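Please read the structure below before turning to the comments.
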Amino acid sequence: MAPVPPAPGNLAGVRHILLVLSGKGGVGKSTLCAQLALALRQEGKKVGVLDVDLCGPSVPRMLGAQGSAVHQCDSGWVPVYVDQEQSVALMSVGFLLEKPDEALVWRGPKKNALIQQFVSDVAWGELDFLLVDTPPGTSDEHLSAVEALRSHQPLGALLVTTPQAVSVGDVRRELTFCRKTGLRVVGVVENMSGFACPHCAECTNIFSTGGGEELARHAGVPFLGSVPLDPQLARSLEEGGDFLRDFPGSPAYPALAAIARKILDAAQAPGPG
């Protein structure tokens, strides 16, 4: 079957689209999404983050953009830029709520319509990567995001798990979702892979270990790396800081940088025929 040509519109200037998925909540999808955006920026790339976790929009706080306002231009919404160089752009429902703690009590059709609007009506401009932070599961929001982005030929999906068997089991379902929707799996990341002591830098396996790597091997997809639990990263996320700039000596730093480089390699590799 001939490839679908890229659709015109506000995503026409976006080179690669990567969805960050997991079948389970609490594994750190938003954390990985925010930090990979900063890591890709360090590689000289312009990055956008589209936060479609409509009931838990945490990326604005993680990137220090909470409370920012979204403005309109001729081609739609202007995303919020989190740095002066305008190298990281962000769009989230968190910018549209009157109060930060306001609950989004919407049924599926209204959520789906907003996701469609996020895809079609945000003026991203020229981007090397658009990272899409998704809610947990394989339900309406995921289907809406995949269908809305299909004509733009997304690079694929990054699956996030933690080492425990219960998390790995849930992420297996996400692999099935990717296969059923024709979404290429760029790779698996194991988050919270051990605890990195801030004093001695020793990494202790609080949970089991190796679940993400075994899942990737079993599914025949790349394993991109493991990111340890790091108190410095947790504090940086709470304060909306730039972790990669502020803590270059952290054990999580090389792990995140290596994953970003593997994503760059995947973007340069030819896709499946």
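The values are calculated or read from the model by the stated rules, or taken from the named source; none is laboratory data. None of the values given here were measured: they were computed from a predicted structure. Remember, those area values only see protein heavy atoms, side chains included, never the ligands or the DNA or RNA. Shrake-Rupley method; radii C 1.70, N 1.55, O 1.52, S 1.80 Å.
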Accessible-area value, residue 81, 1.4 Å probe, nucleic acids and ligands omitted, Å²: 80
Rounded if a/c under 1.5, otherwise prolate or oblate - the range 8-132, Cα gyration tensor axes: rounded
How would 55, 73, 178 rank on accessible area, largest to smallest, probe 1.4 Å? 55, 73, 178
Taking only DSSP H segments of four or more residues, each worth -39500 (n - 2.57), what value at 222 nm results for the chain once the sum is divided by all its residues, to the nearest 500 deg cm²/dmol? -11000 deg cm²/dmol
Whole-percent carbon and sulfur contribution to the accessible surface of the chain (1.4 Å, no ligands, DNA or RNA) stands at 52
If each Cα of the range 66-157 is one equal point scatterer, what is log10 of I(q)/I(0) from the Debye formula at q = 0.10, 0.21, 0.22 Å⁻¹? -0.28, -1.29, -1.39
Among the DSSP beta bridges whose two residues both lie in the chain, what percent are antiparallel, rounded to the nearest 5? 20
Antiparallel bridge percentage (DSSP; both residues within the range 1-94; nearest 5): 50
For the range 31-72, what mean projected area does the convex hull of the alpha carbons give, in nm²? 3.6
Sequence gap at least 6, Cα distance under 8 Å: using those rules, report the relative contact order of the range 76-230 to the nearest whole percent. 18
For residue 132, distant residues with modelled amide H under 5 Å away: 18, 19, 20, 50
Ranked from the most accessible area to the least, with a 1.4 Å probe and all protein chains present, what is the order of 134, 176, 31? 176, 31, 134
Would you be so kind as to identify all helices of the chain, as entire DSSP H runs, whose Cα atoms reach 18 Å or more along the helix's own axis and whose mean Kyte-Doolittle hydropathy is at least 0.5? 252-268
Dividing the convex hull volume of the Cα atoms of the range 117-221 by its residue count, what figure in Å³ per residue is obtained? 137
Express the relative contact order of the chain as a whole percentage, based on alpha carbon pairs under 8 Å and six or more residues apart in sequence. 25
Report Rg (one decimal) and Dmax (nearest whole number) for the chain, counting Cα atoms only, units Å. 17.6, 56
Whole number in Å², please: accessible area per residue of the chain, 1.4 Å probe, ligands, DNA and RNA not counted. 46
